[in-house]
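The values are calculated or read from the model by the stated rules, or taken from the named source; none is laboratory data. The shown structure was predicted, so the numbers you read here are calculated from the model rather than taken from an experiment. Cβ: placed from backbone, ideal geometry, glycine included. Neighbour counts: every protein chain shown. For the accessible areas, the whole protein counts, side chains as well, though only heavy atoms, and no ligand, DNA or RNA atoms are used. Shrake-Rupley method; radii C 1.70, N 1.55, O 1.52, S 1.80 Å.
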Amino acid sequence: MSRPVHALVLPPGQRLYQALEDALAGGGAAICPLSPGLPRPALDAALAALRPAQVITAGGAEPYGRPVPADDGTAVLIATSGSTGTPKIVELSADALRHSAGATLRRLGAAAGARWLCCLPTSHIAGVQVLVRSLVAGTAPVIHERFDPAAVAGCGGCHLAVVPTQLRRLVDAGADLSKFPAILLGGAAAPGGLVAAARARGGRIIITYGMSETSGGCVYDGVPLDGVSADVAADGRIRLA
C-alpha cells in the first residue's frame, strides 16, 4: 500500500499543523515540509528528489509531474542536511513520531495538557516534533513563524525547544527562563558557559542528542529515552537502536 506525498512549502502555522495532524491520523497525505526561504535552485532540487503529488504553498496547491508515493506507514518526510554524508530524505512513521513525543513528555514529567512553543523551523525534525508533542499532549501549540527573544520570553508556561544560538539570544536579552517548565537544547554543541548562564537565569535546560532518523532527540542529558538504547563502539561511532 502507498499514500501520496505533499510538499509543504509553508512557514510554521495552522495550515502546516493541520496537515501534520491529518498525516499522523492516516487520513491525509504524507507530508514533507520544506522551507519557503529556500533559494529557487535548492527548492527545485528538493522537489525533483521528492517528486510529490502536490506542492502546497501560501498561494495554493499545484500538481507536480509524475509523483512517487510513499509507503503507507510513512507520515512525514524530512530532508536532511547531509552533515555526515549525502543529503537525503528520511521517511518517518506516525508510530515513530508519536513514540518519540510520548517518551519526551514522560521524561520531562509533563502533565496532561502541557503546552509547547514552536519557534524552530518546521522544515527540520526538531520543529516538527514540537508540534507532534503538542498533538500527543492534546494541546494546541503556540507557533512563532520567526524567532524573537522578546516574544518567546512572553510565552512563559510553555515547554520550549531551541538551538544554542536561540538560547544565547534569550540569555543576552535577560529573559526569565524559570518561566519555562523545560527547555530542550539541541541541534549543535552548546558553547562553553552557555548552559551554566541559562541555568543561572532559572532555566531547566535539558541537553538533547538525536537526528532526523531518530525522530529528533533520543538521548536527554546523556540518558536514552524509553525504548532507545545507545552505545559507543570501539571505533568511536555512536550506536543507536
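Points to keep in mind about this one:
- Qualifying residue in segment 67-75 (condition: closer than 26 Å to H144 by Cβ and hydroxyl-bearing (S, T, Y)): no
- From the list L117, L105, L97, the one residue that fits, being within 12 Å of the chain's Cα centre (by Cα), at pLDDT 90 or above and not in a strand (DSSP E or B), is L97.
- Condition met for G113 (in contact with a helix residue (DSSP H, G or I) (Cβ under 8 Å, 6 or more places away or on another chain), more than 22 Å from P224 (Cα to Cα), touching a residue at least 40 places away in the same chain (Cβ under 8 Å) and surrounded by fewer than 18 Cβ atoms within 10 Å (Cβ to Cβ)): no
- Count of segment 176-198 residues which are assigned to a helix (DSSP H, G or I) and surrounded by fewer than 14 Cβ atoms within 10 Å (Cβ to Cβ): 2
- One residue stands out among those in segment 1-38 that are among the charged types (D, E, K, R) and open to solvent by 40 Å² or more (accessible area, probe 1.4 Å): the one that is farthest from R146 (Cα to Cα), which is D22.
- Residues of segment 214-241 that are outside any loop (DSSP other than H, G, I, E, B) and either open to solvent by 90 Å² or more (accessible area, probe 1.4 Å) or over 14 Å from H99 (Cα atoms) (or both): Y220, V223, A230, D231, V232, I238, R239, L240.
- Single residue of segment 199-213 satisfying the filter (of a type outside the set (D, E, K, R) and touching a strand residue (DSSP E or B) at 6+ places or on another chain (Cβ under 7 Å)) that is most open to solvent (accessible area, probe 1.4 Å): Y209
- Among (1) at pLDDT 95 or above; (2) within 14 Å of S212 (Cα to Cα) - the single one K88 does not satisfy: (1)
- Selected residue (criterion: nearest to Y17 (Cα to Cα)) from residues of segment 39-65 that are part of a loop (DSSP other than H, G, I, E, B) and open to solvent by 60 Å² or more (accessible area, probe 1.4 Å): A58
- Residue in segment 131-140 that is open to solvent by 50 Å² or more (accessible area, probe 1.4 Å), under 28 Å from V9 (Cα atoms) and polar (S, T, N, Q) present: no
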